[in-house]
Amino acid sequence: MLVFDGSLSMVESGGAVTDLPRIAEARIATAQVLPEIETLRRVGLITYGPNSTDGCDGITQHFPPIPNAASPMQDALDALAPAGLTALTASVIQAAETLNYRSAPGIVVLVTDGNETCGGTPCATSQSLAAQANDLTIHVIGFKFRPDFFAWDNPEQEYGAEMVARCLADETGGLFVNTETVDELADALRATLGCLLIGGATPFRDLLPA
């Protein structure tokens, strides 16, 4: 399962006038990578942020792991209108549940530009997930992440701390990658969503879902 940040901060851009919003750059990266990924494995999509009544309940499961996911996934990301806060912990839990993580192995890839701001506890959650999981790996990709000046509703965050969501990767044996450019994000997606679990060009139907 790909868990993708659709919070309001994704419309922000860098300091230069020519810089694109984060969401636009992220779409460029996924458009490059997803056609490659669909030949390797089934993939599902969850986004968080938009369509929220309180800023935190806008978690949308677009579809569970499916074959040939590139086109529907890119369509969903292209239509994403960033809004709301960063409910990444609840979104990762939903992704794990979708993968039946207690009884089946699976992979979750979280792409986020910030820390939890909806009261979730990534570090405590990662320990709970790891303790119950059959074989769950969570990779965390930070995209243009900057430390929050205000903790908002994040019980585990300390002022100026690095990305708290790193706990999700550390506790489950996943990768944690900070990315700043489109190319770096694309490479991180290839290394997490696209990593071959079995040697050779094994078809997606024979690989674990993500």
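Among the trypsin sites (Lys or Arg not before Pro) in the range 75-184, which ones are in a DSSP loop with at most 13 other Cβ atoms within 10 Å of the Cβ? Mind listing them?
Numbers: sites: R102, K144, R166; in loops: R102, K144.
Sites meeting the loop and neighbour criteria: R102.
From Cα pairs below 8 angstrom and at least 6 apart in sequence, can you work out the relative contact order of the chain, rounded to a whole percent?
On the way: 481 pairs, mean separation 53.1, N = 210.
Relative contact order of the chain: 25 percent.
Run the helix sum for the chain: -39,500 (n - 2.57) per DSSP H stretch of 4+ residues, divided by residue count, reported at 222 nm to the nearest 500 deg cm²/dmol.
Values: 6 runs with 66 residues, N = 210.
For the chain, the value works out to -9500 deg cm²/dmol.
Of the options F143, P72, V177, report the single residue whose Cα projects farthest towards the positive end of the charge dipole of the chain (beta-carbon charges: Lys, Arg +1; Asp, Glu -1).
Selected residue: P72.
Run the 1.4 Å probe and let me know the accessible area of I59, rounded to the nearest 10 Å².
Its accessible surface works out to 50 Å², give or take rounding.
In nm, give the distance between the simple-model label positions of S103 and S71, each being 7 Å from the Cα along the Cα-to-Cβ direction.
Here the modelled spin labels are 3.3 nm apart.
The values are calculated or read from the model by the stated rules, or taken from the named source; none is laboratory data. For clarity, every value in this text was computed on a predicted model and none was experimentally measured. Here the Cβ is made from the backbone with ideal geometry for all residues, glycine too, and neighbour counts use every protein chain on show. To get the accessible areas, we keep the full protein, side chains included, count just its heavy atoms, and leave off ligands, DNA and RNA. Shrake-Rupley method; radii C 1.70, N 1.55, O 1.52, S 1.80 Å.
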